[in-house]
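A short reminder: the numbers here are calculations on the coordinates, not readings from a lab. None of these values were measured; they are calculated from a predicted model. Note: ideal-geometry Cβ built from the backbone for every residue, glycine included; neighbour counts use all protein chains shown.
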Amino acid sequence: MNDTPKRRLLDRAVNTPTFVGMGSRIEGELNCPGDLAVAGIVLGNSEVGGLFTLADTGLWQGQLHCENAVIAGKITGDIAVRKNLEIRGTAHIAGRIAAQHVAIAEGAVVEGELKVLSGEPVQSFEEKREPAEGRELVDNNIGKKAKR
């Protein structure tokens, strides 16, 4: 038995990601050969060659294809992840999801079809990190913000 603790995908990221910050809004197709971190709003489709991270303040509307993903914000659209998908407790996903391996935190909301391509069961976990206080979260209306 291996005693090495499993690390979250986000803890294993090694590249400096392209970053869409809070308050930013991008519309259109986005192709990113490396990692992409989104804390703002993206309306469009994307191909991400590395790790895709959607912060709890992030909103994504559109199709997403990526290598690995950590989702803590809101996504409306289909997601295809070639390897590992981690869905955090603050996430809300409406759409079809396909990934090799999936881990879902308690509290996450997934509305739609979830397909685990490896055939392994979905892993569940409990969040141990506390969300930041006082940050603005994007609610269901695009661009409308609510305080945490």
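For this structure, a couple of remarks:
- Some residue of region 82-95 being assigned to a strand (DSSP E or B), within 17 Å of I41 (Cα to Cα) and in contact with a His (Cβ under 9 Å, 6 or more places away or on another chain): no
- Residue in region 53-62 that is charged (D, E, K, R), surrounded by 19 or more Cβ atoms within 10 Å (Cβ to Cβ) and touching a Ser or Thr at 6+ places or on another chain (Cβ under 7 Å) present: yes
- Scanning region 37-50 for residues that are surrounded by fewer than 24 Cβ atoms within 10 Å (Cβ to Cβ) and closer than 20 Å to S124 by Cα turns up nothing.
- Test for G49: is it out of contact with any His (no Cβ under 9 Å at 6 or more places or on another chain) and at positive phi: no
- Matching residues, region 96-128, being of a type outside the set (V, I, T) and assigned to a strand (DSSP E or B): A98, A99, Q100, H101, A103, A105, E111, L114, K115, Q123, S124, F125
- Scope region 24-36; condition crowded, with 16+ Cβ neighbours inside 10 Å and aliphatic (A, V, I, L, M); matching residues: L30, L36
- Consider region 45-72 and keep the residues that are outside any strand (DSSP E or B) and among the polar types (S, T, N, Q). The one that is farthest from I97 (Cα to Cα) is T57.
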